[in-house]
Amino acid sequence: MANAWKRENKHPKLLSPKSIFFLFILSLILIFFFFFFSSSSSRRSTSIPNLSLSISRSLIPTDTSNYPIPPFNCLKSPQAHPVIANIVENIKYPFLFSLADFGSLPDKPHKNIVRLIKGKPFRKPDISATIQGLLEGRKDRNGLVVDVGANVGMASFAAAVMGFKVLAFEPVFENLQRICDGIWFNRVADLVTVFEAAVSDHIGNITFYKLVGRLDNSAVSATGAKLAFKSNKEIAVEVRTIPLDELIPDTESVVLLKIDVQGWEYHVLRGASKLLSRKKGEAPYVIYEEDERLLQASNSSAKEIRNFLQSVGYNHCTQHGTDAHCTKD
């Protein structure tokens, strides 16, 4: 009867060698961070999420008194941990990127976790190289870079490590945590000021949809948020809105305006009418995502955007993938 029991009951399925390998690597990572944070906490009076005094000073922007809304305070933000950072590949002006998403370990680790295990840098997004390529030709580092829809800061840090001051706007809290990590890792607190807000054409509040598992696809439009990832759950949150014209004074030079807001680009541009109406040589270079499906989900269109840009003097736009680059003639 013992043999009959064995025939009728399958042995439990063992983990594959690949799964065991990733479990082993994950264990090493977690053990390292456990001892790191344990030893760090014994040397300082504050504990996570509070940072030490030296770190605190490096996370506080140097001048926040001139803004109508307060910048996001990295010092008071709960710190996600463990945090893994690595250098971004093939960037002329290198910077570090913070990653908190480990993927579905052990079977489906995040692609950058796999690269880290293999000793490779993080795979760069195209926007980082684009930003640095556009800014490199400038003789000085004067003027702001404005990053609307900053996500985790890949455009912001690409500019900041070159010496440019950056205003970054991001409404998703989890992404703000990553930006705070990057501010510390790259030592750019004196250059990067981040706002927990969605940029629009009016002051107030708006419903924003965070897409679980794909926070980079979060959007003002629920339809736009789920356009590429229909199976993901969206979470509705209320976020603050502010036009750029209300925050950037006429006397402040802006060299580059980058907008990636999942279809809300038209509203961002309308809220920057005064900024965009500056004369040639003083108006910023504009990069914005021009995805017709996302724009239509937010009740606008590429044609509507182009017509608006022409009305404020931007008559020259070129297409670069899903991005449009616009300048004044």
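Could you say which residue among V146, V166 is open to solvent by less than 10 Å² (accessible area, probe 1.4 Å), out of contact with any helix residue (DSSP H, G or I) (no Cβ under 6 Å at 6 or more places or on another chain) and assigned to a strand (DSSP E or B)?
The conditions single out V146.
Residue by residue through the stretch 249-262, note down the ones that are open to solvent by 10 Å² or more (accessible area, probe 1.4 Å) and under 21 Å from the mean Cα position of the chain (by Cα).
Within the stretch 249-262, V255, K258, D260, V261, Q262 meet the criteria.
For the stretch 118-128, how many residues are at pLDDT 85 or above and surrounded by fewer than 16 Cβ atoms within 10 Å (Cβ to Cβ)?
So the count comes out to 4.
Taking G313 as meeting all but one of (1) at pLDDT 90 or above; (2) within 18 Å of G149 (Cβ to Cβ), write down the number of the exception.
Answer for G313: the failing condition is (2).
Taking the condition hydrophobic (A, V, I, L, M, F, W, C), open to solvent by less than 50 Å² (accessible area, probe 1.4 Å) and touching a residue at least 40 places away in the same chain (Cβ under 8 Å), does A155 pass?
yes
Identify the residue in the stretch 75-117 that is among the charged types (D, E, K, R) and not in a helix (DSSP H, G or I) and, among all such residues, is least open to solvent (accessible area, probe 1.4 Å).
Ranking the candidates gives E89 first.
Which residues, counting only those in the stretch 288-329, are of a type in the set (F, W, Y) and closer than 25 Å to F208 by Cα?
Listed by number, the residues that qualify are Y288, F308.
The values are calculated or read from the model by the stated rules, or taken from the named source; none is laboratory data. Note that the coordinates shown come from a computational prediction; the quantities given were computed from them, not determined experimentally. Methodologically, a virtual Cβ is constructed for each residue, glycine included, from the backbone with ideal geometry; neighbour enumeration extends over all protein chains shown. Quick note on the areas: whole protein, heavy atoms, side chains included, nothing else; ligands and nucleic acids left out. Shrake-Rupley method; radii C 1.70, N 1.55, O 1.52, S 1.80 Å.
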